[in-house]
1. Any chance you could count how many residues in the range 273-327 are assigned to a strand (DSSP E or B) and either open to solvent by less than 10 Å² (accessible area, probe 1.4 Å) or more than 12 Å from ligand 1 (Cβ to nearest atom) (or both)?
2. For the condition more than 20 Å from residue 401 (Cβ to Cβ), out of contact with any helix residue (DSSP H, G or I) (no Cβ under 8 Å at 6 or more places or on another chain), in contact (Cβ under 8 Å) with a residue 60 or more places away in the chain and crowded, with 16+ Cβ neighbours inside 10 Å, what is the one hit in 197, 167?
3. From the list 44, 88, exactly one residue is touching a residue at least 24 places away in the same chain (Cβ under 8 Å), closer than 18 Å to residue 379 by Cα and out of contact with any Ser or Thr (no Cβ under 9 Å at 6 or more places or on another chain). Which is it?
4. Output the residues belonging to the range 308-331 that are farther than 21 Å from residue 206 by Cα and away from ligand 2 (no atom under 16 Å from the Cβ).
5. Restricted to the range 98-135, and to residues that are free of Cβ contacts under 8 Å to residues at least 40 places away in the same chain and assigned to a helix (DSSP H, G or I), which residue is farthest from residue 46 (Cα to Cα)?
6. Pairs, please: C-beta under 6 Å, at least 6 apart or cross-chain, first residue over 19 Å from residue 94 (Cβ atoms) and in the range 293-318, second open to solvent by 70 Å² or more (accessible area, probe 1.4 Å) and among the hydroxyl-bearing types (Ser, Thr, Tyr)?
7. Got a sec? Which of 242, 219 is of a type in the set (D, E, K, R), surrounded by 16 or more Cβ atoms within 10 Å (Cβ to Cβ) and either touching a helix residue (DSSP H, G or I) at 6+ places or on another chain (Cβ under 9 Å) or at positive phi (or both)?
8. Give the residue that is surrounded by the fewest Cβ atoms within 10 Å (Cβ to Cβ), with candidates limited to residues of the range 261-272 that are in a loop (DSSP other than H, G, I, E, B) and more than 14 Å from ligand 2 (Cβ to nearest atom).
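The values are calculated or read from the model by the stated rules, or taken from the named source; none is laboratory data. Model, not experiment: these values are computed from the prediction. Virtual Cβ from ideal backbone geometry, glycine too; neighbours counted across all protein chains shown. In case anyone asks, the SASA skips ligands and DNA or RNA and just uses the protein heavy atoms, side chains included. Shrake-Rupley method; radii C 1.70, N 1.55, O 1.52, S 1.80 Å.
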Amino acid sequence: MKISDARVIVTSPGRNFVTLKIVTDEGVTGVGDATLNGRELAVAAYLNEHVVPLLIGRDPHRIEDIWQYLYKGAYWRRGPVTMTAIAAVDTALWDIKGKVAGLPVYQLLGGRSREGVTVYGHASADTVDGVLAEVAKYVADGYKAVRLQAGIPGLSGVYGVHTGPGVYEPASAAVPAEAVWSTERYLHHVPSLFERVRDEFGPTLKLLHDAHHRLTPIEAARLGKSLEPYALTWLEDPVPAELQEGFRLIRRHTTTPLAVGEVFNSVWDCQQLITEQLVDYIRTTVVHAGGISALRRIFDLAALYHVRSGSHGATDLSPVCMAAALHVDVSIPNFGLQEYMPHTEETDEVFPHGYRFENGYLHPSEAPGLGVDIDEELAAKYPYRPAALPVNRLEDGTLHSW
Ligand code: KDG
Ligand code: MG
């Protein structure tokens with residue numbers, strides 16, 4: 001069997017997605033998500049210009065060899081654009097292998113380690129009362145875990161806080177929107193949110209929070225400490241994680257579990273965090289960390305150090321990524337949680353898929369391969385629209401992150 005064609009499909013059914021479809025001379029096809037929020041066309045160009053020409057004529061069964069060839073052969077290793085492109089190829093090849101084998105991909109990864117994939121939903125609102133109402137809806141839907149994000153009094157347009165109808169979408173204008181951030185206001189407000197939710201919903205509901213990389217290590221340590229009475233499952237992205245040793249300082253001060261990794265691209269980005277046991281959950285995902293093959297390697301390393309998976313699953317990761325993530329989640333021994341934000345109806349129509357939500361769990365498709373596809377005709381009806389992630393400035397105008 002040989003790869004005869006590979007198409008890069010850019011579509012925007014509510015938001016932008018990039019998808020790679022690999023076609024073989026025997027007519028078997030595979031899909032991989034290649035979406036990098038706000039930088040979609042860079043990955044599309046990388047694939048079209050530098051990767052697709054290298055794939056034609058290759059044996060699609062040689063997943064590992066093709067991965068190594070694209071990674072080592074580029075000379076310029078790692079980076080989000082390169083690794084997202086490699087991830088798309090890897091994911092599509094696993095899809096093909098599953099279809100040829102007549103098995104869902106999780107069977108090729110060792111089979112089930114659990115009955116369902118526990119997911120967390122997003123309770124998000126301007127006010128604490130609004131968040132409480134959202135949590136109640138998730139609990140009624142069977143969710144076992146909920147992430148809490150609330151507006152901060154005195155700040156408008158807080159990143160990560162979704163209000164009103166429609167799905168979560170942080171990328172808006174072609175030129176990044178700007179908001180004002182105050183760490184003081186934030187650190188003062190967040191504990192009161194968790195106090196109310198714990199009081200109302202009791203001790204067993206898993207509660208999470210995302211700090212979106214906005215703190216310094218000592219500020220994060222203070223937040224972790226102040227949230228200890230509310231027993232979070234995790235505090236996510238407390239600080240930007242380029243300086244992995246920065247997590248030592250947070251760890252020294254708090255027992256609040258830490259999660260990090262949605263912006264990581266390779267095992268090297270989390271090596272120190274994992275081997276020094278500086279985090280509890282590693283949030284790397286299929287699309288941005290080099291595909292199913294590379295993600296499994298990260299999770300295997302994590303398993304040796306009591307670190308569990310907690311893959312990113314926001315709406316800017318397409319249903320192709322979610323389908324692939326679920327095959328990994330259901331098979332690995334050290335699964336923790338999977339993030340889940342439902343996509344828009346338009347997105348679900350463009351990406352028909354067989355995974356399903358039931359009572360707090362997602363279940364991968366039982367169809368051979370990943371159990372997801374792209375309707376190319378429908379995709380063509382939604383042209384690309386430039387959209388970028390926002391930035392924050394401190395009250396004095398200094399550029400902060402998110
Ligand atoms: O593209 C950025 C989003 O995926 C991100 O803001 C979502 O932080 C996020 C999360 O935890 O889902
Ligand atoms: Mg996050």
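1. 3
2. After applying the criteria, what remains is 167.
3. Every option except 44 fails the conditions.
4. 318, 319, 320, 323, 324, 327, 328, 331
5. Step by step, filter the range 98-135, then rank; the result is 129.
6. Final answer for the pair search is none.
7. 219
8. Result: 266.
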